[in-house]
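See below for the structure under consideration.
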C-alpha cells in the first residue's frame with residue numbers, strides 16, 4: 001500500500017512540474033471563430049490601424065467596440081463586454097509594443113486565437129488648405145512618431161511632436177481643434193473619418209513597414225497544428241540559451257522573442273515567444289526538464 005501511494009505521489013509531482021503554470025488547453029482542437037457573432041474590443045477611436053486589423057481578421061463581420069487604451073480593450077474582454085480583443089504587438093520599425101506585450105502577460109486568463117499582419121502606410125494629415133510651412137505641432141501615437149521620425153526630422157525639424165493614445169486620436173485632435181498649425185500622423189482612412197487632407201503620403205521610414213496584431217479570447221488555448229504557436233517562458237536569462245537550443249533540436253522555427261522584466265530580481269524575465277513549425281507535442285517537450293515556468297498561449301492562424 002505504501003509503495004502504491006509513493007508511486008502515485010511521484011506521478012502527481014511529475015505532472016505538476018511539467019505543466020504547473022499552464023491553464024487548461026483544448027486538446028487537439030483548432031480555433032473556432034464565428035465572425036458574424038464576434039464582438040471585438042480594440043484601441044480606438046474609429047480609424048485606427050487596430051480597427052483595420054479587426055476588419056481584416058473578421059472579414060468585416062461582427063461588431064467592433066473602440067476603447068481609449070489597449071488595457072481597457074482587454075479588460076472589456078475579460079469582463080465579458082466583448083468576446084475578442086485585438087491588440088498591436090510588434091512593428092517593423094518601432095519593434096515590440098512593450099506596453100501591450102505587458103498587458104498580454106498580465107492577463108493570465110486570455111489566449112491568442114489569431115494574428116493579423118497589416119501593412120502600415122503613415123500619412124501627414126491636416127485641415128483642408130493647410131501649408132507645410134505653417135505646421136508647428138504634430139500629433140500621433142508613439143509608434144506613428146517612431147515610424148515617421150526621419151521624415152519629420154527632414155521636413156518639420158522645428159515642430160513640437162506630441163504623443164496621442166492612438167494615431168486616430170491624433171487625427172481627431174487636429175480635426176476638433178480646427179487649428180491649421182497642427183497636423184497628425186495617421187492612416188489614410190482617418191482623413192475620410194475626420195474630414196482631413198493628406199498633405200504627405202507614405203512618410204514611414206520603411207516601405208516594408210508592417211504591424212502584427214494578436215487576436216485574444218478567453219477560450220482555452222487551441223492545440224491543433226496551425227501557422228503559429230505562442231507561449232510565455234518566465235525565468236532567468238541564463239537558462240534561455242538552453243531553451244532556444246532545444247527548440248532548434250526539435251526543428252522549431254523562432255518567429256519572435258520579446259523580453260519583459262519579471263520585476264522580481266535582476267536577470268529574470270517573461271519571454272514572449274512565437275514560433276512556427278511547432279506542434280503542441282513539441283511545446284510540451286520544451287517544458288520538460290526546464291527551469292522556466294511556462295504559460296501556453298495557443299496555436300492559431302495568421303491573416
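Brief remarks on what is shown
- Test result for residue 224, touching a helix residue (DSSP H, G or I) at 6+ places or on another chain (Cβ under 9 Å), closer than 30 Å to residue 280 by Cα and surrounded by fewer than 23 Cβ atoms within 10 Å (Cβ to Cβ): yes
- Scan of region 146-163 for residues that are surrounded by 20 or more Cβ atoms within 10 Å (Cβ to Cβ) and within 18 Å of the chain's Cα centre (by Cα), ordered by number: 147
- Test: residue in region 118-138 that is crowded, with 18+ Cβ neighbours inside 10 Å, modelled with pLDDT under 95 and outside any loop (DSSP other than H, G, I, E, B): no
- Filtered by the rule that a residue be closer than 30 Å to residue 148 by Cβ and within 16 Å of the chain's Cα centre (by Cα), region 208-223 gives 209, 210, 211, 212, 213, 214, 215, 216.
- Residues that are out of contact with any strand residue (DSSP E or B) (no Cβ under 6 Å at 6 or more places or on another chain), in contact (Cβ under 8 Å) with a residue 60 or more places away in the chain and closer than 19 Å to residue 225 by Cβ, drawn from region 253-290: 280, 284
- Only one of the listed residues (195, 189) is over 22 Å from the mean Cα position of the chain (by Cα), assigned by TED's automatic domain parsing to the domain that holds residue 131 and more than 22 Å from residue 282 (Cα to Cα). That residue is 195.
- Taking the listed residues 217, 276, 290, the one that is buried (at least 20 other Cβ atoms within 10 Å of the Cβ) and not assigned by TED's automatic domain parsing to the domain that holds residue 130 is 217, with no other qualifying.
- Taken across region 247-270, residues that are modelled with pLDDT of 95 or more, in a helix (DSSP H, G or I) and surrounded by 14 or more Cβ atoms within 10 Å (Cβ to Cβ) do occur, with at least one present.
- Looking across region 277-303, the residues that are assigned to a strand (DSSP E or B) and within 17 Å of the chain's Cα centre (by Cα) come down to 295, 296, 297, 298, 299, 300, 301, 302.
The values are calculated or read from the model by the stated rules, or taken from the named source; none is laboratory data. Since this is a predicted model, take the numbers as computed values, not measurements. Cβ atoms come from the backbone with ideal geometry, glycine included; neighbour counts cover every protein chain shown.
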